[in-house]
Amino acid sequence: MNIKEAERLVRKHLTYQVGIAYHQEPPVSIYNFNPEENFLFSYSLFGPPMVDGSNYIAVSKTTGEVRVLGRLGD
């Protein structure tokens, strides 16, 4: 095995460790977010979502731009 093969295996493993959930409406107030212009996803790494807020990512419906909104909520 070489470094490229090892990196491919790590990337494959990490892909399965990321949980993603689509939200039609923001569950919390998000500054400068318009659900008519963006898709909204929450994500969790290495297990179920944590209590006290979630991590969010928005994707522009027109440009495909991805914006990491960060951790939001209580």
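What follows is calculated from the coordinates using simple rules that are stated; it is not laboratory data. This one's a predicted model, so the numbers in the text were calculated from it and none came from an experiment. Virtual Cβ from ideal backbone geometry, glycine too; neighbours counted across all protein chains shown.
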Subject >> Any pair with Cβ under 6 angstrom, 6 or more apart, that starts in the range 60-74 at a residue that is without any contact (Cβ under 8 Å) to a residue 40 or more places away in the chain and ends at one that is part of a strand (DSSP E or B) and not charged (D, E, K, R) >> reply: SER60/ASN38; VAL66/VAL59; ARG67/ALA58; VAL68/ILE57; LEU69/TYR56; LEU69/ALA58; ARG71/ASN55
Original post:
Filtering the range 1-54 down to residues that are small (Gly, Ala, Ser) and more than 12 Å from LEU72 (Cα to Cα), which residue is surrounded by the fewest Cβ atoms within 10 Å (Cβ to Cβ)?
Top reply: GLY47
